[in-house]
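The values are calculated or read from the model by the stated rules, or taken from the named source; none is laboratory data. Here the structure is a predicted model, which means the values were calculated and not measured. We place every Cβ from the backbone using ideal geometry, glycine too, and count neighbours over all the protein chains shown.
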Amino acid sequence: MEFQHDKSWDCLERIFTNKMTAKEAWNQFINFHEQMYPKSYWTDLRNLDIEDEQNDIISWIHQLVTDSPLPENVQAIWIGILRLEDNGNEIPAIYMVGADTYNKNDIDWACEPSYMPENRYVLSGILKEIDDIIKTDDDNYEFLDWILPLTYCALTFDEIIRTRLDKKLFLSKKDKIFVATGHDSGDYLDLSNIE
């Protein structure tokens, strides 16, 4: 059975709009797909401890902005999802950069970062676990590798921004910073603003 991209994207947007905790939203997203496409790996994906990694992500973000304060001209932050090569293996990772412009209707602003802190890349244990789990489904790997990392990053970073981020580190020179996350090569979601 083949996944339907539009239904998955609609589900993600609907769940994301509810602004619940990342874990609650993640479980709803997994449950939706499990009902449509029963597979043994949904339980493993549901059981990922996504809340635990939030502490590491918060520490990484705070350290980045402390070591390399945001320049006054940065209007938006891009949290990119990509794969880094390590000894011939591709490893899922995330990174954070900032841009001088922002356009809600055109993500091209993220392609020209002006803020590129030295330690902007970080490996995500959860993204690696997701990758290891979904590799068991050769037929649907491409789809799952698109939607699940984006869902995880959107839900996790949005909850962090809304509830746990030290916003003073970002807003010393402005009232608001826009934030988006997504694949460098494709889809993205606008997250809650830092304000």
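Do the conditions hold for Leu155, that is, is it surrounded by fewer than 14 Cβ atoms within 10 Å (Cβ to Cβ) and closer than 21 Å to Trp78 by Cα? For Leu155, the condition - surrounded by fewer than 14 Cβ atoms within 10 Å (Cβ to Cβ) and closer than 21 Å to Trp78 by Cα - is not met.
In the stretch 133-143, the condition of being in contact (Cβ under 8 Å) with a residue 12 or more places away in the chain, buried (at least 22 other Cβ atoms within 10 Å of the Cβ) and within 21 Å of Asn89 (Cβ to Cβ) is met by at least one residue.
Taken over the stretch 47-66, the criterion of being of a type in the set (D, E, K, R) and surrounded by fewer than 15 Cβ atoms within 10 Å (Cβ to Cβ) is satisfied by Asp49, Glu51, Asp52, Asp56.
On the given criteria, is Ile30 surrounded by 15 or more Cβ atoms within 10 Å (Cβ to Cβ), β-branched (Val, Ile, Thr) and either more than 18 Å from Thr156 (Cα to Cα) or out of contact with any Leu (no Cβ under 7 Å at 6 or more places or on another chain) (or both)?
Numbers: surrounded by 15 or more Cβ atoms within 10 Å (Cβ to Cβ): yes; β-branched (Val, Ile, Thr): yes; either more than 18 Å from Thr156 (Cα to Cα) or out of contact with any Leu (no Cβ under 7 Å at 6 or more places or on another chain) (or both): no.
So Ile30 does not fit the description; no.
Selection within the stretch 74-100: residues that are among the acidic types (Asp, Glu) and in a strand (DSSP E or B). The member of this set that is surrounded by the fewest Cβ atoms within 10 Å (Cβ to Cβ) is Glu85.
One residue alone among Leu189, Leu150, Leu171 is over 18 Å from Val122 (Cα atoms) and buried (at least 16 other Cβ atoms within 10 Å of the Cβ), and that residue is Leu189.
Scanning the stretch 112-149 for residues that are over 21 Å from Leu12 (Cα atoms) and either aliphatic (A, V, I, L, M) or in a helix (DSSP H, G or I) (or both) gives Met116, Val122, Leu123, Gly125, Asp132.
Would you please name the residue that is surrounded by the fewest Cβ atoms within 10 Å (Cβ to Cβ), looking only at residues in the stretch 174-183 that are closer than 20 Å to Leu127 by Cβ and among the hydrophobic types (A, V, I, L, M, F, W, C)?
Applying the first criterion (closer than 20 Å to Leu127 by Cβ) to the stretch 174-183 yields 179-183.
Filter once more, so that each one left must be among the hydrophobic types (A, V, I, L, M, F, W, C): 179-180.
Values: Val179: 24, Ala180: 21.
In this case the residue turns out to be Ala180.
Among the residues of the stretch 158-195, write down those that are among the charged types (D, E, K, R), assigned to a loop (DSSP other than H, G, I, E, B) and closer than 18 Å to Ser59 by Cα. Working first, answer last.
Applying the first criterion (among the charged types (D, E, K, R)) to the stretch 158-195 yields 158-159, 162, 164, 166-168, 173-176, 184, 187, 190, 195.
Within this subset, residues satisfying the condition of being assigned to a loop (DSSP other than H, G, I, E, B) are 164, 166, 173-176, 184, 187, 195.
Residues satisfying the conditions are Arg164, Asp166.
Rundown of residues vs (1) within 17 Å of the chain's Cα centre (by Cα); (2) at pLDDT 95 or above, yes/no style:
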{"residue": "Asn18", "(1), (2)": "yes, yes"}
{"residue": "Ala22", "(1), (2)": "yes, yes"}
{"residue": "Trp26", "(1), (2)": "yes, yes"}
{"residue": "Phe29", "(1), (2)": "yes, yes"}
{"residue": "Phe32", "(1), (2)": "no, yes"}
{"residue": "Asp44", "(1), (2)": "no, yes"}
{"residue": "Trp78", "(1), (2)": "yes, yes"}
{"residue": "Leu84", "(1), (2)": "yes, no"}
{"residue": "Gly88", "(1), (2)": "no, no"}
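List every residue pair whose Cβ atoms lie under 7 Å apart, where the two residues are 6 or more positions apart in sequence or sit on different chains, the first residue falls within the stretch 37-63 and is within 21 Å of Met116 (Cβ to Cβ), and the second residue, located anywhere, is part of a helix (DSSP H, G or I). Partner pairs satisfying both residue conditions: Ile57/Thr156; Ile57/Ile160; Ile58/Ile160; His62/Leu169.
For the stretch 72-106, how many residues are in contact with a strand residue (DSSP E or B) (Cβ under 6 Å, 6 or more places away or on another chain) and under 12 Å from Phe170 (Cβ atoms)? Selection size over the stretch 72-106: 5. Close Cβ contacts (under 7 Å, 6 or more residues apart or on different chains) running from residues in the stretch 100-117 that are touching a residue at least 60 places away in the same chain (Cβ under 8 Å) to residues that are charged (D, E, K, R) comprise Lys104/Asp190.
How many of the residues making up the stretch 1-22 are assigned to a loop (DSSP other than H, G, I, E, B) and under 14 Å from Met36 (Cα atoms)?
4
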